[in-house]
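This report refers to the structure that appears directly beneath it.
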Amino acid sequence: MDKFNIILHTTTTCNYNCSYCDVIKNNKTLSDQDIEMIVNFINKNYKSINSFKFFWWEPLLVWKNIKYIIEKTHKKINNQFEIVTNTSILNDEILNYFKIYFSKIFFSIDSEKIFDYEEVFSFIDKYNLEDKTYFNLIISPKKEETAYNQFIKIYNNWYKNFNILPVYFTKNWEKENLLNLSTIMKKILDKAISDKQLKLYWFQSNKWYNSSLINWSLFINTDLKVYFSDIVSTHIWAKIKDKLFLCDLDNLSLDEKIDMKSKTKEIEVYEKVIIKDIKGQMQLHELMDYFSKYLNNKNEL
Ligand code: SF4
């Protein structure tokens, strides 16, 4: 039986305003009735769910909804919840849920904003979250060195899980900045080759494809429509939303054959069209693809 990674939007609101952000912010939140439908869906399909991730915008703005879903489904989902958060709304209750029910927690750290290292480090230590915490290191053009220094600061504090994310799709990358990015990528990857405890999440799980923002997961939008990828939550990809539409949630059964593979190939073709007019994006994808292979080839030697 196929198992699926599921991504859910719980809100389309965020309390940050990152310069590279392209997500469609229209302040929608799931209603109580919608949340019940999600709970029913999980409880009906749990045998085919590999992971269930709360992602995009700032999911913790609607913590009460996330908490409710977890409480009603955690026995079925078997603690395979995941979350991506900008870390602005952490507290003890949330961290305790992370500890008990989550398998992966992604803390986004971006090179444009101040990040409260001390608070985040102390939460990780207090709740023993080291093994399941990943730092999403977001790298903007012209901020490559800043991002590298952020990486070193976290690495030197013994946290070893990273997800390296140069800004995809929305920013022009000049040649000089791509060269700077190559320099810091090489330094980070060489550390990962010599220090086997350092894990670069996307690179090491994705040998066959470049590491862009696209997740190969079924994605449930706030209007309870299901898509083949969460990438449709951005303006740039919303233009081809209808091509990535699968069905309404109430018609979704994970027992039935869902052809992710051929859709994945289709998305790769769309991606090439979308990035071709954004300066440096094609080269950015090639560069990250090159480094993904570089790391995996070295690790196999
Ligand atoms: S990139 Fe993420 S944290 Fe930044 S504004 Fe957009 S949704 Fe919020």
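Derivation of every value follows stated rules applied to the coordinates shown; laboratory data play no part. Just so it is clear, the model here is predicted, and its values are computed rather than measured. Glycine gets a Cβ as well: all are built from the backbone with ideal geometry, and neighbour counts include every protein chain shown.
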For region 94-237: rounded, prolate or oblate by the Cα gyration tensor [a/c cutoff 1.5]: oblate
Using θ = phi - 60° and Karplus 6.51 cos²θ - 1.76 cosθ + 1.60, couplings along region 282-288 (whole Hz; Gly, Pro as x): 4, 5, 4, 4, 5, 5, 5
Using θ = phi - 60° and Karplus 6.51 cos²θ - 1.76 cosθ + 1.60, couplings along region 259-265 (whole Hz; Gly, Pro as x): 8, 5, 4, 6, 5, 4, 5
Within the chain, helix-based [θ] at 222 nm, where runs of 4 or more DSSP H residues each add -39,500 (n - 2.57), nearest 500: -13000 deg cm²/dmol
Top positive-direction residue, dipole computed over the chain with Cβ charges, set Leu181, Ala238, Thr87: Leu181
Least to most buried among Trp202, Trp173 (fewest other Cβ within 10 Å first): Trp202, Trp173
Low-density loop positions, chymotrypsin sites (Phe, Trp or Tyr not before Pro), region 68-166 - DSSP coil, at most 12 other Cβ in 10 Å: Trp158
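Count the net charge of all other residues whose Cβ sits under 14 Å from the Cβ of Asn17, scoring Lys and Arg as +1 and Asp and Glu as -1. Could you put the intermediate results ahead of the total?
On the way: positive: Lys25, Lys113; negative: Asp22, Glu58, Asp110, Glu112.
Charge balance in the 14 Å sphere: -2.
Please tell me the relative contact order of region 33-94 in percent, rounded to the nearest whole number, where contacts are Cα pairs under 8 Å and at least six residues apart.
Values: 50 pairs, mean separation 27.6, N = 62.
Across region 33-94, relative contact order equals 44 percent.
So for region 31-172, averaging the separation of alpha carbon pairs under 8 Å that are six or more residues apart and normalising by length, what relative contact order in percent results? Walk me through the numbers before you get to the answer.
Details: 178 pairs, mean separation 26.0, N = 142.
This gives 18 percent for region 31-172.
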Net dipole in debye of region 4-300 [+1 Lys, Arg Cβ; -1 Asp, Glu Cβ; about Cα centre; nearest 20]: 600
For Asn161, distant residues with modelled amide H under 5 Å away: Phe135, Lys199
The chain - Cys residues lacking any other Cys C-beta under 4.7 Å: Cys14, Cys247
Other-chain or far-sequence residues with amide H under 5 Å of Cys247's (modelled H): Val226
Taking Val84, Val273 and counting other C-beta atoms within 10 Å, the order from fewest to most: Val273, Val84
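For region 4-300, just say rounded, prolate or oblate: build the C-alpha gyration tensor, square-root its eigenvalues into a ≥ b ≥ c, call rounded for a/c under 1.5, and beyond that prolate if a/b exceeds b/c, oblate if not. Each step should come with its number before you reach the end.
Values: a/c = 1.60, a/b = 1.23, b/c = 1.30.
Oblate.
Rounded if a/c is under 1.5, else prolate if a/b is larger than b/c, else oblate: which is region 71-112, with a ≥ b ≥ c the root eigenvalues of its Cα gyration tensor?
Working: a/c = 3.30, a/b = 1.93, b/c = 1.71.
Since a/c reaches 1.5 and a/b is larger than b/c, the shape of region 71-112 is classed as prolate.
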Fewest-first ranking of Glu118, Glu271, using other Cβ atoms within 10 Å as the exposure measure: Glu118, Glu271
Rounded Å value of the spacing that divides the Cα centres of region 113-127 and region 254-301: 32
Backbone HN-Hα couplings from phi across region 10-25 [Karplus 6.51/-1.76/1.60, Hz, Gly and Pro as x]: 9, 8, 10, 10, 9, 8, 10, 9, 5, 5, 8, 5, 10, 6, 7, 9
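Anything over 20 Å Cα to Cα? Flag those among Lys187/Lys279; Lys3/Lys99; Lys3/Lys263; Lys191/Lys293; Lys3/Lys293, in the order listed.
Values: Lys187/Lys279 25 Å; Lys3/Lys99 24 Å; Lys3/Lys263 16 Å; Lys191/Lys293 15 Å; Lys3/Lys293 26 Å.
Pairs exceeding the cut-off: Lys187/Lys279; Lys3/Lys99; Lys3/Lys293.
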